[in-house]
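Visitor: Sharing a structure here in structure tokens format.
The values are calculated or read from the model by the stated rules, or taken from the named source; none is laboratory data. Everything numeric here is computed off the predicted structure, so don't read it as measured data. Here the Cβ positions follow ideal geometry from the backbone for every residue, glycine too, while neighbour counts run over all protein chains shown. Just the protein is used for accessible areas: all its heavy atoms, side chains included, with ligands, DNA and RNA removed. Shrake-Rupley method; radii C 1.70, N 1.55, O 1.52, S 1.80 Å.
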Amino acid sequence: MTQFVVVGAGLLGTSIAYRLAERGHSVTLVERDYPGAGTSGSSFAWTNSNEKTPYSYHLINALGMRAHRELENEFGACPWYHGGGAVEWRSNADEASELHERVERLTSWGYPAEWISEDRLRRLEPALRPGASGDAKIAYFPDEGWVDPSPYIEFFLGKARSLGVKLHRETVTGIDLKTDKVTGVRTAFGKAIGADVVVNCTGRWANDLGQDVRLTFPLAPTLGLLVVTAPAASGVRRVIRTSGVNFRPDGAGRIMLHSEYDEQRFTLESSRDETSPVAAVMIERAARLYPDLAGVKPEAMRLSHRAIPGDGVSAVGPVPEISGYYAAITHSGATLAPWLGRVVAAELAGDGPEEALQDFRPARFF
Ligand SMILES: Cc1cc2nc3c(=O)[nH]c(=O)nc-3n(C[C@H](O)[C@H](O)[C@H](O)COP(=O)(O)OP(=O)(O)OC[C@H]3O[C@@H](n4cnc5c(N)ncnc54)[C@H](O)[C@@H]3O)c2cc1C
């Protein structure tokens, strides 16, 4: 039986650990903080393959979306998953033209995307202010949705534990090698955990596991700001994307908001005093669309780095030159997690390479 150490208990690490254990392998999961403490705990978590190019990257994200929906057939209720699609309209002319091209491209790729009337939009989102979309064309992407990452992680961790997976709450500080073969990991307490294969699922911290340059990936993390409101009866039902702000429900009446324009001015060290005025502006923009959001206060502002490999797409596969070292590092991990869990476990169990991952091998960086 192969011994695996999976480092990182986020969406990816818990999905992969469970699927490996399901195949009968011995798995140790090592997490330096609490499960979900990394990027997964501060994600917009929109399940989509909407703005993903090239086609190969679009395809794996579409497979991720399908894998989320299939979990219901496997496990029954999946309370962390919310379908219902996403709606989008753009008041800015350049953005409207980009949306037009995107809908054409997505339909030509067989991805569900359609133009809908204002009446249909109002049936989907009855709390939306009449006329809120103005003259803009309205796009609807019916297969999209979002996930609640922590309940997803809790579920997969629970399933993994029921199959004997142990979670060690320790920081991995080094990869143990015998010549060019992995023999395990070393933790901050000086403990060695033996393994035939180490799977690096530490996202944006992927380069912190050792000093060997052969284990280092080019990463290009960008900073994201998410705002979560206090609970409010706003009537927002699904993922809403507009020129000023994107938002969606976030449980118990809270709304999560994101604006790619506003986040660029911050760093991880930015204080609440700096982010609060921007949060208030983002909520105001949403309140122009959903009047019952007016006056709602931000409850949380989360700054975090996206785990993005240097060329912007996923890095999933064995690391060349070192035997027994496998990496799964990606943005879009909220979309990809259930699919990657399955296909990475299948590859590691010796089922052969997954064709859809061929463009995403870490080898391209070495
Ligand atoms: C603002 C923002 C918005 C996003 N929106 C979306 C979206 O809409 N849709 C989408 O699909 N994706 C989105 N993403 C991306 C998605 O959230 C990530 O791709 C995903 O969460 C990555 O999961 P992971 O398990 O790889 O990493 P993480 O969740 O970061 O997990 C890595 C874990 O490794 C642990 N760790 C790190 N170093 C060590 C060590 N040395 N020893 C032990 N443990 C260690 C960390 O504590 C962490 O728990 C977004 C990300 C951000 C930041």
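Visitor: Please give, to one decimal in nm, the separation of the simple spin-label points placed at GLU74 and ASP273, each 7 Å out from Cα toward the Cβ.
Guide: Each label point lies 7 Å from its Cα, and together they span 4.9 nm.
Visitor: While we're looking at this one, here's another question. When all alpha-carbon pairs of the stretch 71-152 are counted, what percent fall beyond 17 Å?
Guide: The calculated P(r) of the stretch 71-152 puts 56 percent of pairs beyond 17 Å.
Visitor: Excluding residues on the same chain fewer than 8 positions from LYS178, give the lysines whose Cα lies under 19 Å from its Cα.
Guide: LYS191
Visitor: Write down the Kirkwood hydrodynamic radius of the chain, to one decimal in angstroms, obtained as one divided by the mean of 1/r over all alpha carbon pairs.
Guide: Result for the chain, one decimal place: 21.4 Å.
Visitor: Determine which aspartates and glutamates satisfy two conditions relative to LYS297: a Cα distance under 13 Å, and not lying fewer than 8 residues away in the same chain.
Guide: Hits, sequence-local ones excluded: GLU284.
Visitor: Just to be sure I understand the model, the point goes 7 Å from the Cα along the line to the Cβ. What's the resulting VAL281 to ASP351 distance in nm?
Guide: That separation, rounded to one decimal, is 4.8 nm.
Visitor: Then there's this: When the accessible area of the chain is split by element with a 1.4 Å probe, what percent falls to carbon and sulfur?
Guide: Here it works out to 49 percent.
Visitor: Here's a follow-up. Under the √(5λ) rule applied to the eigenvalues of the Cα gyration tensor, what semi-axes describe the equivalent ellipsoid of the stretch 1-70? Give them in Å, descending.
Guide: 26, 17, 10
Visitor: Ignoring ligands, DNA and RNA, what accessible area per residue does the stretch 209-337 give at 1.4 Å, in Å²?
Guide: Roughly 39 Å² per residue, with all protein chains present.
Visitor: Still on this structure, I have one more. Determine Rg/Rh for the stretch 114-190; Rg is computed over alpha-carbon atoms and Rh is the Kirkwood hydrodynamic estimate from the same atoms.
Guide: When Rh is taken as the Kirkwood radius, the ratio is 1.37.
Visitor: Give me the number: length gained by fully extending GLU101 to ARG364, i.e. 0.36 nm times residue separation minus the C-alpha to C-alpha distance, one decimal in nm.
Guide: 91.7 nm
Visitor: At 0.36 nm per residue, minus the direct Cα-Cα distance, what do ARG66 and THR216 gain on full extension? Give it in nm, one decimal, please.
Guide: 50.8 nm is the gain from fully extending ARG66 to THR216.
Visitor: Taking the convex hull of the Cα atoms, report for the stretch 1-125 its projected area averaged over all directions, in nm².
Guide: Average projection, Cα convex hull of the stretch 1-125: 10.8 nm².
Visitor: Beyond 17 Å, what share of the Cα-Cα pairs of the stretch 208-267 is found? Please give it as a whole percent.
Guide: Considering the stretch 208-267, 55 percent of its Cα-Cα pairs are separated by more than 17 Å.
Visitor: Compactness ratio of the stretch 103-238: Cα Rg over 2.2 N^0.38 Å, N = residue count?
Guide: In units of the 2.2 N^0.38 Å rule of thumb, it is 1.65.
Visitor: Would you mind giving the average projected area, over all directions, of the Cα convex hull of the stretch 219-309 in nm² with one decimal?
Guide: One quarter of the hull surface, i.e. the mean projection, equals 5.9 nm².
Visitor: Please report Rg over Rh for the stretch 258-358, where both radii come from the alpha carbon positions and Rh follows the Kirkwood definition.
Guide: Here Rg/Rh amounts to 1.16.
Visitor: Further, regarding this structure: Quick one: compute a quarter of the convex hull surface over the Cα atoms of the stretch 268-308 and quote it in nm².
Guide: Result: 3.7 nm².
Visitor: In nm, to one decimal, how far is the ARG288 label point from the ARG120 one, both placed 7 Å along Cα→Cβ?
Guide: Those two pseudo-labels are separated by 2.6 nm.
Visitor: Select from the chain the helices, each a whole stretch of DSSP H, whose alpha-carbon atoms run 24 Å or more along the helix axis and whose Kyte-Doolittle mean is at least -1.0; answer none if there are none.
Guide: Correct list, ordered by number: 55-75, 272-289.
Visitor: Further question on the same structure: Using a 10 angstrom cutoff on alpha carbons, build the Gaussian network for the chain and name the most mobile of GLY341, GLY194, GLY333.
Guide: GLY194
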